[in-house]
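Encoded as structure tokens, here's the structure I'll be asking about.
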């Protein structure tokens, strides 16, 4: 954990400088000793993490390791039992800051009875988009996730991949500064996964900070930095190259196994 | 082998669900206990008021088991009759005995009439001469209705209120539960929406359904089923709407404590059925007075009381205002509790 300090902010990402950071140099996400427990069960233990603006940060770990709880803690849906979390310069929980955050939950939180457009209209209204601007944003995100031709179908008729894409469209509707994506590509076929990744990289190019969880190793490789999470602890943070070098492993997968062993010893 | 495995799985599955077990074993006991108290209480004598009655008749009525109270003026008795404190007033009109029945409960009116007829039966005793001074013909009049009220007319208003309450409760409960289980509520909470907005949005959305349903039920029962209706239709609608609002807020509140649609159903015997018993479908006069007080915490009791007052006794807005205010109070209370319960979804 000691080398986290040096590794922080090392992302060599030119997009950071171009990003509309509102003149602030505050990090997008700053966790200081955050813990989360339910009764005697501890999900997250003393987690410290800084994500800079414009970074594409991946949280990698097996299921049940606390990735989703960490994402919820960052949004403020869950409160930290100890420590603190700061999101875009605001201490969470904070309702207003959510207007700048795009969130995609692990489960597709869509209304199956409504059409794709109706779902988008609903969420657009919640984010305060109205009139021509709402219309324009809906067209834009529908085109982005390639759902324009399916917009009038009820979501119940969508395939799993289409639902995932619509969820991503909802997260992008209000042009958030920060995207929190919980397993954005789970259950999506390889071709579509490629197109979603192309989109994520394009968004990062525009200066949008992206934090996503995954348990797919080759996805982790595409992030600027990754945090390895295991049993509610961050066992390592760094760029994929740094992690491979540090562990002498050839792949992230091996590095993860080496680092996991280290914590158990 | 497979059957055993299946049975074991089911036992394990539900053995941990305490609420389902409670439903299975305790809810029937609860309902049976309530029915016991409703149907097995001491039988009641109709409350009669006597105004200037000949002594022999008073004595005979009391002997027949009537609960007879003497009033000095007929107006005073009339006022109590209007408020439903009395079943009937017995008075003299010339040489005839007259009875004015409250009339909104056919069973009660019937038993009061029966008592009077018993008391007026000429007998062979010495008193017979005195009684012959009065005609044996009884003059009958009704405060409410005209004596043609059927049992359905009497408890129909209660059913109108009950069905509004029950179905809105289920609809709102299941819908809000869905929102929780499909994750859309969590997704809502990740937008800058206020908790108040979520609760109010639900109230507004389902409020529309509640208004439609209240209108439909009231129209159907009055115009199609020919339910006795002597009051303002608008007042019936207003009462039904307020009752639906209570059901709506209560349904969403309880769904926060349910994990599945099945667990919503489990609230029916616990929350809905007891209210039916206390709503006026059954005459509670026979019930233990201590238990009767339970009706004060049951929204359906106030709704049914208001509906009966309007439909059977053509009560005015002012007359049902206390009932309506209490219904509004219940809605406000459940709404506030909803706001608190939403705290489960988001830390703020």
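The values are calculated or read from the model by the stated rules, or taken from the named source; none is laboratory data. These numbers come from a predicted model, not from an experiment. Cβ sites come from the backbone with ideal geometry, for glycine too, and all protein chains shown count toward neighbours.
Just to verify a result, which residue in the stretch A:69-87, among those that are in contact (Cβ under 8 Å) with a residue 60 or more places away in the chain and within 11 Å of another protein chain (Cβ to nearest Cβ), is surrounded by the most Cβ atoms within 10 Å (Cβ to Cβ)?
Only one residue tops the list, namely A:74.
Please verify whether residue B:295 is more than 24 Å from residue B:87 (Cβ to Cβ) and either without any contact (Cβ under 8 Å) to a residue 24 or more places away in the chain or in the same structural domain as residue B:159 (by TED's automatic domain parsing) (or both), treating the condition exactly as stated. Let's see the steps before the verdict.
Values: more than 24 Å from residue B:87 (Cβ to Cβ): no; either without any contact (Cβ under 8 Å) to a residue 24 or more places away in the chain or in the same structural domain as residue B:159 (by TED's automatic domain parsing) (or both): yes.
In short, no.
Looking at the stretch B:174-187, can you tell me whether even one residue there is within 14 Å of chain A (Cβ to nearest Cβ), in a loop (DSSP other than H, G, I, E, B) and touching a strand residue (DSSP E or B) at 6+ places or on another chain (Cβ under 6 Å)?
The answer is no; no qualifying residue exists.
For every residue, the table says whether it meets (1) crowded, with 16+ Cβ neighbours inside 10 Å; (2) within 20 Å of the chain's Cα centre (by Cα); (3) on the phi < 0 side of the Ramachandran plot.
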| position | (1), (2), (3) |
| --- | --- |
| B:36 | no, yes, yes |
| B:70 | no, no, yes |
| B:75 | no, no, yes |
| B:82 | no, yes, yes |
| B:86 | yes, yes, yes |
| B:106 | yes, yes, yes |
| B:111 | yes, no, yes |
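Answer yes or no as to whether residue B:226 is in a loop (DSSP other than H, G, I, E, B), away from chain A (no Cβ under 14 Å) and loosely packed, with under 15 Cβ neighbours inside 10 Å.
Spelling it out, residue B:226 is indeed in a loop (DSSP other than H, G, I, E, B), away from chain A (no Cβ under 14 Å) and loosely packed, with under 15 Cβ neighbours inside 10 Å.
Considering only the stretch B:119-130, I want to know if a residue exists there that is at pLDDT 80 or above and surrounded by 19 or more Cβ atoms within 10 Å (Cβ to Cβ).
yes
Tell me which residues, restricted to the stretch A:230-257, are touching a helix residue (DSSP H, G or I) at 6+ places or on another chain (Cβ under 6 Å) and crowded, with 16+ Cβ neighbours inside 10 Å.
A:230, A:235, A:236, A:237, A:238, A:240, A:243, A:244, A:247, A:249, A:252, A:255
Condition test on residue A:50, is it more than 21 Å from residue B:342 (Cα to Cα) and not in a helix (DSSP H, G or I)?
On the way: more than 21 Å from residue B:342 (Cα to Cα): yes; not in a helix (DSSP H, G or I): yes.
The answer is yes for residue A:50.
For the stretch A:210-240, how many residues are farther than 18 Å from residue A:190 by Cα and in contact with a strand residue (DSSP E or B) (Cβ under 7 Å, 6 or more places away or on another chain)?
Summing the residues that are farther than 18 Å from residue A:190 by Cα and in contact with a strand residue (DSSP E or B) (Cβ under 7 Å, 6 or more places away or on another chain) in the stretch A:210-240 gives 17.
If residue B:262 passes every condition in (1) crowded, with 20+ Cβ neighbours inside 10 Å; (2) over 17 Å from the mean Cα position of the chain (by Cα); (3) under 26 Å from residue B:200 (Cα atoms) but one, which one does it miss?
Tallying (1) crowded, with 20+ Cβ neighbours inside 10 Å; (2) over 17 Å from the mean Cα position of the chain (by Cα); (3) under 26 Å from residue B:200 (Cα atoms), residue B:262 fails exactly one: (1).
In the stretch A:88-99, what count of residues is obtained for those that are more than 9 Å from every other protein chain (Cβ to nearest Cβ) and out of contact with any helix residue (DSSP H, G or I) (no Cβ under 6 Å at 6 or more places or on another chain)?
Going through the stretch A:88-99 one residue at a time, the tally reaches 2.
Quick check on my filter: what residues within the stretch B:188-206 are more than 11 Å from chain A (Cβ to nearest Cβ) and surrounded by 18 or more Cβ atoms within 10 Å (Cβ to Cβ)?
Result: B:199, B:202, B:203, B:206.
Suppose the filter is farther than 19 Å from residue A:109 by Cβ and out of contact with any strand residue (DSSP E or B) (no Cβ under 7 Å at 6 or more places or on another chain); does residue A:201 pass it?
yes
Of the numbered conditions (1) part of a loop (DSSP other than H, G, I, E, B); (2) out of contact with any strand residue (DSSP E or B) (no Cβ under 7 Å at 6 or more places or on another chain), residue A:72 satisfies every one except a single condition; which is it?
(1)
Quick one: which helices (runs of 4 or more DSSP H) sit completely within the stretch A:102-203 and have at least 1 residues that are at pLDDT below 90 and more than 13 Å from chain B (Cβ to nearest Cβ)?
A:131-144, A:160-172
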